[in-house]
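The values are calculated or read from the model by the stated rules, or taken from the named source; none is laboratory data. Values in this document were obtained by computation on a predicted structure and should not be read as measured data. Using ideal geometry, Cβ is built from the backbone for each residue, glycine included, and neighbour counts are taken over all protein chains shown.
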Amino acid sequence: MSTLRSDLWCSVFVRRHNDLGHMCVVARRGDPIAGQVFIEVDHLDGTRSLFTPAPMASRKDDASLVFQRRFDHVEPAKVSERIAREVEFDPDLWVLSIDLRGDDLGIEVV
């Protein structure tokens with residue numbers, strides 16, 4: 001089974017969260033077919049979290065997008081700096097930004 005295109009996965013994620021009343025946007029567009037997806041969460045309390053793709057070894061199959069929590073409730077500058085460094089390395093990166101008070105993004109986290 002092949003992996004879902006990045007642009008389609010991001011569109012579904014953004015649409016689903018906006019339908020739930022969460023403010024979610026594509027902050028950076030990457031490669032439409034195989035760009036990595038980072039999710040930046042603003043907890044609306046002055047902190048942010050960052051979810052990045054999990055290593056391939058922790059995935060059950062090739063088709064699913066699995067994330068790891070890179071930063072949890074840290075200052076926004078730390079998350080922004082990490083994203084900026086990653087974009088220098090991988091210009092095909094997608095960044096989704098969401099305002100969410102809770103912790104349930106509806107994604108698989110290892």
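Worth a mention:
- Only one of Leu4, Leu96 that is part of a strand (DSSP E or B) and either without any contact (Cβ under 8 Å) to a residue 60 or more places away in the chain or surrounded by 12 or more Cβ atoms within 10 Å (Cβ to Cβ) (or both): Leu96
- Leading residue by the ranking (nearest to Val74 (Cα to Cα)) among those in segment 8-19 that are surrounded by fewer than 16 Cβ atoms within 10 Å (Cβ to Cβ) and without any contact (Cβ under 8 Å) to a residue 60 or more places away in the chain: Asn18
- Among residues that are among the β-branched types (Val, Ile, Thr), part of a helix (DSSP H, G or I), under 11 Å from the mean Cα position of the chain (by Cα) and at pLDDT 95 or above, Ile39 is not included.
- If you check Ala27, Ala34 for being modelled with pLDDT under 95 and of a type in the set (A, V, I, L, M), only one passes: Ala34.
- Within segment 20-42, the set of residues being touching a residue at least 40 places away in the same chain (Cβ under 8 Å), surrounded by fewer than 16 Cβ atoms within 10 Å (Cβ to Cβ) and farther than 8 Å from Trp94 by Cα comprises Met23, Val25, Ala34.
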